[in-house]
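This is the structure, below, for whatever I ask next.
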Amino acid sequence: MNNRQVADILYDIADMLEIKGEIIYKSIAYRRAADNILNLGRDINDVWRDGKLREIPGVGEALAKKLDELLRTGRLGYYEGLREEIPPGVVAMLAIPDVGPKTANLLYERLGLMSVADVGRAGREGKLRDLPGLGVKSEANILAGIEALHRRTDRIPLGTAWPVAREILGALRAGCSALQQATVAGSLRRMKATIRDIDLLVASDEPEAVMDCFVNLPLVEEVALRGSTKTSVILHNGLQVDLRVLEPARYGSLLQYFTGSKDHNVALRELSLDQGLSLSEYGFKRDGEEILRSDEESVYNTLGLPWIPPELRENRGEIEAARRGKLPKLIELSDIKGDLHVHTSWSDGVASIAEIAEAARARGYQYAVMSDHTQSLGVARGLTPERLWEQRAEINRLNEQFANFRLLQGAEVEIKADGSLDLPDEVLSELDVVVASIHSGLRQERERITSRLISAMRNPHVDVIGHPRGRILGQREASAVDMDRVLAVALETGTILEVNAIPDRLDLDDAHIRRAVGMGVRLAVDSDAHNAEGLAAMEYGVATARRGWAEAENVVNTLSLNELLELVRNK
DNA sequence: GCCGTTTTCGGCCCGACTGTTTTCAGTCG
């Protein structure tokens, strides 16, 4: 049972307790523990084996006992008992917009409804409107909510959401004179790997004018909600965009509040209360008197904290670090001096080596490693040693033209199902940088796939492990890799672990990056580009590294060309 | 159910919006 599965059970319990009408803090406690298990960056089974469940924040005596039962036996009596009381279909009703725990319970207890489909049927028969607290409008909203649920878009990748947000901001700035400032907020500003909706903020003294402007943008399909400070719309592509408007004097508080995360904000408000302040999106209050903040930095300063970068705002220790002046100096995109993982038309890329070189130079890089696939990856037209030498000749030719830039030759060598590499050592030793990756047998059980990675890392010619966990967001779960062992061997052998920047990979993820950083394991942020534009994905990789508290010194492609070559030669 | 340089018990964040209400409950973020 992996972290995700354990967390999902805790989330499920939290929902059931809420439907039952238990005190809300119990549900909050379960959800907080589940969040922390997801953010652990290590396997919950290992934590359990080490007898350290209680060290997970939010896990106390009662939860540790339940987790022990769950991990030991694969079952949890308490959970099964709850599921007898509250059918899973009733929990599923919570996904319907406007249906929360109270309403779900009402539908179950009063009408005996057991599923979303049941609710839809009862709604169409007009049976919901007579329930206490509901009426004709609520009934219609619930039916519309079920419709929306069926065509709902799942969480979308960061790399999809960013361009859309930029487009809307551009349209607002161009077409809306009442607007004074505008920015992205929410999980998108925190650069989470996936986001559910786009949050935008505007400072303006004329909110109504801004709202008019917003709902009339051509991208907008329908207006879901319209108020004086908040408006939500659905775009033609199904994405929801929320816009909030406040006057400029409150903009700092607004931005801080709607950047979140929710947990970060809760912790910040607790800290505020300790200092006799009450904090909301409108500003601070002391004894009922308002204290307005127009910029975000001064919101944090008011609490005696330095400004905290949005990528850190997950309540994973950033507030404590800020208090003690121990915030990391996060890596920036401008620190990146090269890319260690780029494909060309020699394998499955579409750009020539010359085109890649031009794009890399335009980004101000000192170097880029051509790391095409190797022979056994047939679908990607992987390179044989002979083809590699032909490619080397072209790289050498091109390098003669460059003054302050160098193309390096590498390869993304296959780690085969038995753990051996796809090219012999004498070939690997000729390459400048070797990335080794798994593209097959991703579902092997834990011991086997972990051993594969470890034997690759122990090869002295292997410099980097590409996309170590093999996840594809929304499509494929990460492999069962034992990351504790992989991190330990990476440290021991000096092997670099990749932060792959392709938006639906972002692998390693933020939690594992944080562990690697804490241990001193070296990282490389790579675009894994398959065309010239693909180099720009670096932005998402750097953002993910920042979410993992990485500084420039943790990432090898912030090194100069000579420093990098020195490093890989001495592996 | 968790947690503690104020606490081992009594706290545990804040407000908008909506629909159903005669002053508020539920949902959402």
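Per DSSP H run of n ≥ 4, the term is -39500 (n - 2.57); total these for chain A, divide by its residue number, and report the mean residue ellipticity at 222 nm rounded to 500 deg cm²/dmol. Walk me through the numbers on the way to the answer.
Values: 24 runs with 249 residues, N = 571.
Value at 222 nm, helices only: -13000 deg cm²/dmol.
In the structure displayed, which of A:Lys137/A:Lys285; A:Lys337/A:Lys571; A:Lys127/A:Lys230; A:Lys230/A:Lys262; A:Lys137/A:Lys192; A:Lys52/A:Lys262 lie more than 25 Å apart, Cα to Cα?
Values: A:Lys137/A:Lys285 37 Å; A:Lys337/A:Lys571 20 Å; A:Lys127/A:Lys230 32 Å; A:Lys230/A:Lys262 18 Å; A:Lys137/A:Lys192 36 Å; A:Lys52/A:Lys262 27 Å.
In this structure, A:Lys137/A:Lys285; A:Lys127/A:Lys230; A:Lys137/A:Lys192; A:Lys52/A:Lys262 lie more than 25 Å apart at Cα.
Further question on the same structure: So what J values fall out for the range A:389-400 if you push phi through Karplus, 6.51 cos²θ - 1.76 cosθ + 1.60 with θ = phi - 60°, rounded to Hz, Gly and Pro as x?
Rounded to whole hertz, the list is 5, 5, 5, 4, 4, 5, 4, 4, 4, 5, 4, 4.
Could I ask something else about it? Based on alpha-carbon centroids, what's the gap between the range A:191-208 and the range A:1-29 in Å, whole number please?
29 Å
With a ≥ b ≥ c the root eigenvalues of the C-alpha gyration tensor of the range A:100-149, is it rounded (a/c under 1.5), prolate (a/b larger than b/c) or oblate? Write out the running numbers ahead of the final one.
Numbers: a/c = 1.35, a/b = 1.12, b/c = 1.21.
It comes out rounded by the Cα gyration axes.
Can you check what the net charge comes to around A:Val489, using other residues whose Cβ is under 11 Å from the Cβ of A:Val489 (Lys, Arg +1; Asp, Glu -1)? Present the calculation step by step, with values, prior to reporting the outcome.
On the way: positive: A:Arg458, A:Arg485; negative: A:Asp482, A:Asp484, A:Glu492.
Summing Lys/Arg as +1 and Asp/Glu as -1 gives -1.
Suppose each label sits 7 Å from its Cα in the direction of the beta carbon; what would the A:Met519-A:Glu477 distance come out to in nanometres?
Distance between the two pseudo-spin positions: 2.2 nm.
Would you mind pulling out the separation of the Cα centroids of the range A:355-369 and the range A:408-457, in Å?
26 Å
Need one number: nm distance between label points at A:Arg226 and A:Arg72, each 7 Å from Cα along Cα→Cβ, rounded to one decimal.
It is 6.0 nm.
Taking 0.36 nm per residue of sequence separation and subtracting the Cα-Cα distance, how much length would be gained by fully extending the chain between A:Arg443 and A:Lys571, in nm to one decimal?
Full-extension gain reported as 43.1 nm.
What ranking, highest mean first, results for peptides A:100-112, A:491-503 when packing means the other Cβ atoms within 10 Å averaged over each residue?
Numbers: A:100-112: 16.8, A:491-503: 22.3.
Averaged packing, sorted descending, gives the order A:491-503, A:100-112.
Then there is this: In nm, give the distance between the simple-model label positions of A:Lys65 and A:Arg83, each being 7 Å from the Cα along the Cα-to-Cβ direction.
2.2 nm
Take the alpha carbon atoms of chain A, find their radius of gyration, then divide it by 2.2 N^0.38 Å using N residues; give the quotient. Working shown, then result.
On the way: Rg = 26.2 Å, N = 571, 2.2 N^0.38 = 24.5 Å.
Here the answer is 1.07, to two decimals.
Provide, for q = 0.13, 0.15, 0.17, 0.25 Å⁻¹, the log10 of I(q)/I(0) from a solvent-free Debye sum over equal Cα point scatterers in the range A:156-246.
At q = 0.13, 0.15, 0.17, 0.25 Å⁻¹ the computed log10 ratios are -0.36, -0.49, -0.63, -1.37.
Since every read-out is calculated from the coordinates, none of them should be taken as a lab result. All values reported here derive from a predicted model rather than from experimental measurement. In this analysis, Cβ positions are derived from the backbone assuming ideal geometry, glycine residues included, and neighbour counts consider all displayed protein chains.
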